[in-house]
Amino acid sequence: MLKLGKTRRAVALASVTLASVGAIGLGGTADAETRATAPCGRSQEGKAETYNAYGMVAGTVTQIYDSCSKHVIAEWTWDSRYVKAFAARESVVDFGYGSEGLSGGVPDFSSESTATDAYNTGQLTWDYASGEGRSIYDASPTSWRAGADLDNSGCAAWTSQHYYATGYDTAGPYGGCNDTGNVRQIPWTQP
């Protein structure tokens with residue numbers, strides 16, 4: 001073990017501390033550069049909404065953003081207990097997305113999944129991207145929600161309203177009935 005006087009120990013400790021801080025600083029710089037050049041991908045935006053039906057959770061609808069294509073995607077995840085309970089009943093969920101700035105507020109609910117499909121395949125999560133999704137810029141303002149309607153009930157669960165221009169939610173998740181024909185029928189906050 002190396003023995004140093006108090007002054008030398010203080011200098012040595014200060015040198016080690018500065019070297020560590022420098023390494024952390026360099027590491028932080030490298031991380032920032034890595035993040036700046038990181039590959040694009042998918043991320044959840046806003047808050048998901050749970051869909052309750054027949055006295056239990058049926059599933060959850062989530063809004064996904066694909067930073068590669070700049071598209072919004074709706075994602076539905078079946079609750080495994082619901083799938084087991086309703087697989088034979090052919091429970092169907094229609095899910096998609098909507099924006100007040102898109103086609104007069106009419107949502108796109110043209111994807112579906114059944115509890116039977118989920119039960120037979122073991123796949124609980126299904127994406128609706130209408131091919132590759134819908135460009136966030138198809139709506140002005142770029143404010144979107146993802147939604148789901150179970151068993152053609154006319155009742156939907158909607159994710160929070162996410163405004164892509166700022167990256168913030170402008171309204172929370174929402175669930176209600178008679179609101180699947182036009183997103184203007186649900187609480188919508190102008191960004």
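The values are calculated or read from the model by the stated rules, or taken from the named source; none is laboratory data. For clarity, every value in this text was computed on a predicted model and none was experimentally measured. Virtual Cβ from ideal backbone geometry, glycine too; neighbours counted across all protein chains shown. Keep in mind that these areas ignore ligands, DNA and RNA; they rest on the heavy atoms of the full protein, side chains included. Shrake-Rupley method; radii C 1.70, N 1.55, O 1.52, S 1.80 Å.
A few remarks follow.
- Nearest-0.05 FRET efficiency for Lys70 and Ser153, computed from C-beta distance (R0 30 Å): 0.40
- Multiplying the residue separation of Ser80 and Thr116 by 0.36 nm and subtracting their alpha-carbon distance yields 11.8 nm.
- Region 104-178 - Kirkwood radius from inverse mean 1/r over Cα pairs (Å): 14.1
- Proximal charge balance of Val106 [Cβ under 11 Å; K/R count +1, D/E count -1]: -1
- Sequence ranges 48-55, 90-97, 116-123, 149-156, ranked by mean other-Cβ count within 10 angstrom, highest first: 90-97, 149-156, 48-55, 116-123
- In the context of the full set of protein chains, residues of region 47-191 present 43 Å² of accessible surface per residue (probe radius 1.4 Å, heavy atoms only).
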